[in-house]
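Report on one structure; see the data block that follows.
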Amino acid sequence: MTPIDIRGILEYLPHRYPFLLIDRVLELDPGKRIVALKNVTINEPYFVGHFPHIPVMPGVLMIEALAQAAGVLSFATMGKTSDPGSVFYFVGIDGARFKRPVGPGDQLRLEVEVLRFARSISKFKATATVDGAVAAEAELMCTLRAIDPPQMPAHGASGV
């Protein structure tokens, strides 16, 4: 499949700044795998406090970036895009390992493979690398759930 730029990613995921952690999709084979990129810059809001003397991307955010790639893969596999009536949730993380720190200037390559794709829970093998070296890896379990879409206040409502 053709690479997906940020405009296409925004159609698949409900995440927005500062929590959108995918910049580009390089490869997408629905039902099988995805390869995406996260460009890590000093402008990331978490670097202010993690850590001021040596900026390190939190491991939990590497896992979140992998989960977002799994979300794009899942929506593409289902032939759907994100909508206000559903949300893609984590339901499990197994075997998470962090092998190297990631910091400003690194490009995180996110590779996610489908291990099992089902209606209720899907399982993925996920690996994040920098320059070919593994930074983080885990098996992720996710599910798509229907939710009540947010309601807009009636015209003229004060909300006070």
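In segment 1-84, which trypsin sites (Lys or Arg not before Pro) are in a loop and have at most 13 other Cβ atoms within 10 Å, using DSSP for the loop call?
The qualifying sites are 16, 32, 80.
Think of segment 6-146 as having a plus end and a minus end, set by charges on the Cβ of Lys, Arg, Asp and Glu; of 134, 22, 117, 117 sits farthest toward the positive end of this dipole.
Once you list every other residue whose beta carbon is under 11 Å from the beta carbon of residue 38, what net charge do they have if Lys and Arg are +1 and Asp and Glu are -1? Cβ neighbours under 11 Å give a net charge of -2. Rounded to 0.05, the FRET efficiency of the residue 131 and residue 19 pair, given R0 = 25 Å and the Cβ-Cβ distance, is 0.50. Taking the chain as a Gaussian network of alpha-carbon nodes connected by springs under 10 Å, the highest mean-square fluctuation of the residues 121, 147, 34 belongs to 147. Cross-link partners of residue 38 among lysines, defined as those whose alpha carbon lies under 19 angstrom from its own and excluding same-chain residues fewer than eight positions apart: 99, 125. Between residue 51 and residue 83, the modelled label-to-label distance comes to 4.7 nm, taking each label 7 Å out from Cα in the direction of the beta carbon. Taking Cβ atoms as reference points and 12 Å as the exclusive limit, the residues near residue 144 contribute a net charge of +2, counting Lys and Arg as +1 and Asp and Glu as -1.
Add +1 for every Lys or Arg and -1 for every Asp or Glu among the other residues with Cβ under 11 Å from the Cβ of residue 70, and state the total.
Numbers: positive: 33, 123, 125; negative: 64, 111, 113, 139.
Cβ neighbours under 11 Å give a net charge of -1.
Could you check the simple spin-label distance between residue 94 and residue 146, using points 7 Å along Cα→Cβ, in nm with one decimal? Result for the modelled spin labels: 2.9 nm.
Quick note: the coordinates plus some simple rules give every number you see, no bench work behind them. Note that the coordinates shown come from a computational prediction; the quantities given were computed from them, not determined experimentally. Glycine gets a Cβ as well: all are built from the backbone with ideal geometry, and neighbour counts include every protein chain shown.
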